[in-house]
Amino acid sequence: MRWRELDRANRVRLLLWVLFLAGGAGLGLWLDWRHWRGLLTSPWFHLATFPLGALLLRLVFTAARTTGRHLAREGRVGPLPRLQTNRLVTTGPYACMRHPMHFGLLFFPLAVALLIGSPSFIGLIAPAETVLMVVLVLTLEEREAARKFGADYARYRQRVPPFSLRPSCLRRLLGRAG
């Protein structure tokens, strides 16, 4: 994906993600060096966290790929800039949650925190970033979708939750039949 292919809103979103991840990692490592140096330098801690982070990162990318392909196939009519849709998608993973891509991406900070083995990032910063991302999705993304799709989105919003932990929904999110 090329930077110039993105509209302003998606550039801001991408910059926010970079800020969350890089800022969280930097702050986490700084806090760890001051308060958790033993864990930060423990190979055993990293042997425990790294595989969990790799697995979680794989799940995040799988969810993003599944939902991105579904959006590209079902949410676009005619030529549009990358990452844009002009049709409300209510099938596939979108049949059981309104924001499946965001749901998967909520775990991105924790995956990075586990990969770098930062106790502060794992226990404090990643959860705080996740809460902030949920708030952004439930306010900004919801408002944008309501403005874009009007009454159709209002009806969809009444019957489908923003996120879901139902196993059948998680299977859809991860690209498995369900």
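The values are calculated or read from the model by the stated rules, or taken from the named source; none is laboratory data. Note that the coordinates shown come from a computational prediction; the quantities given were computed from them, not determined experimentally. Here the Cβ is made from the backbone with ideal geometry for all residues, glycine too, and neighbour counts use every protein chain on show.
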Considering region 146-178 alone, what residues qualify as being in contact (Cβ under 8 Å) with a residue 24 or more places away in the chain and within 15 Å of the chain's Cα centre (by Cα)?
162, 163, 164, 173, 174
Take the conditions under 20 Å from the mean Cα position of the chain (by Cα), loosely packed, with under 14 Cβ neighbours inside 10 Å and under 26 Å from residue 173 (Cα atoms) and apply them to residue 109. Does it pass?
no
Any residue in region 50-64 that is farther than 22 Å from residue 128 by Cα and in contact with a Leu (Cβ under 8 Å, 6 or more places away or on another chain)?
yes
Can you spot a residue in region 8-22 that is within 21 Å of residue 152 (Cβ to Cβ) and either touching a residue at least 40 places away in the same chain (Cβ under 8 Å) or part of a helix (DSSP H, G or I) (or both)?
yes
In region 1-45, residues that are over 15 Å from residue 117 (Cβ atoms), modelled with pLDDT under 90 and of a type in the set (Gly, Ala, Ser) total 1
Of all residues in region 124-150 being β-branched (Val, Ile, Thr) and surrounded by 12 or more Cβ atoms within 10 Å (Cβ to Cβ), which is farthest from residue 88 (Cα to Cα)?
125
Over 30 Å from residue 94 (Cβ atoms) and modelled with pLDDT of 90 or more: which single residue out of 49, 67 fits that description?
49
Run residue 44 past the list (1) under 20 Å from the mean Cα position of the chain (by Cα); (2) exposed (fewer than 12 other Cβ atoms within 10 Å of the Cβ) and report the number of the one that doesn't hold.
(1)
Only one of these is closer than 24 Å to residue 57 by Cα, within 11 Å of the chain's Cα centre (by Cα), buried (at least 16 other Cβ atoms within 10 Å of the Cβ) and not acidic (Asp, Glu): 97, 101. Name it.
101
